[in-house]
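Heads up: the structure comes next, in structure tokens.
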Amino acid sequence: LESAFRQFWPGGHPTSLIHVTGTNGKGSVIYYLEQGLRSTGPVGAWNGPHLFDYRERFHINSQPVPSAEVVDIYRQKILPLQDRLGAEHPGHSLSFAEIGILISLHLFDRHRVKWGMMEVGAGGRYTPLMGLEMTACVLTNVGSDHTKTLGSEMWQRALEKAGIARQGVPFFTAARGDSLF
């Protein structure tokens with residue numbers, strides 16, 4: 001993802017990004033951040049999962065993006081990158097999450113989004129979002145989710161989710177008790 005990101009935005013992405021993870025409440029936190037930051041300019045969000053339509057994952061000013069716009073970005077930007085990647089490195093391609101991240105970043109760029117909220121699907125420290133520069137990171141809480149992949153112990157899941165923290169970047173959490181280590 002990092003090399004694709006640099007190809008599209010060699011000087012860095014113009015949107016200030018906020019990385020959000022946790023067991024519950026990620027969508028609500030993103031919604032509240034969108035509402036609070038709208039006074040500064042356009043806001044955007046990439047979150048999931050989608051229930052009925054893939055475009056549910058992409059929001060500009062709290063509104064779903066038209067399907068045609070998602071398809072246009074995929075066809076004009078992402079598909080040519082996938083083709084180059086496959087030609088240069090046979091058998092390699094962007095993951096589902098990487099494609100969604102790149103589509104959202106192109107949407108943010110197209111709509112001149114000032115603040116973009118990016119949700120982790122599961123965990124945190126190994127998400128493709130770790131390849132992006134973030135303005136802030138948010139951990140909503142830590143519960144008993146994804147125990148097979150994140151660990152059966154609370155401290156293991158907390159470590160995975162808190163792994164989104166970056167040196168010098170503000171980190172906010174509502175986690176309490178054992179999930180704070």
*Directionally averaged projected area (convex hull, Cα atoms, the chain), nm²*: 10.9
*Roughly what would the spin-label model give for Ser3 and Ser95, points 7 Å off Cα along C-beta, in nm?*
1.7
*Within straight cross-link reach of Lys26, meaning Cα distance under 20 Å, which aspartates and glutamates are found once same-chain residues fewer than 8 apart are removed?*
Glu34, Asp53, Glu56, Glu98, Glu119, Glu133, Asp145, Glu160, Asp178
*asked:* If you restrict to DSSP beta bridges whose two residues both lie in the range 29-148, what percentage is antiparallel, to the nearest 5?
replied: 55
_With Cα atoms, 0 to 90° folded angle of helix 26-37 axis to the chain main axis_ = 70
_Kirkwood Rh and Cα-based Rg: tell me the resulting Rg over Rh for the range 16-104, rounded to two decimals._
1.03
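Bear in mind that the values in this text are calculations on the coordinates, not laboratory data. Predicted model, so just to flag it, every value in this text is computed and none were measured. Here the Cβ is made from the backbone with ideal geometry for all residues, glycine too, and neighbour counts use every protein chain on show.
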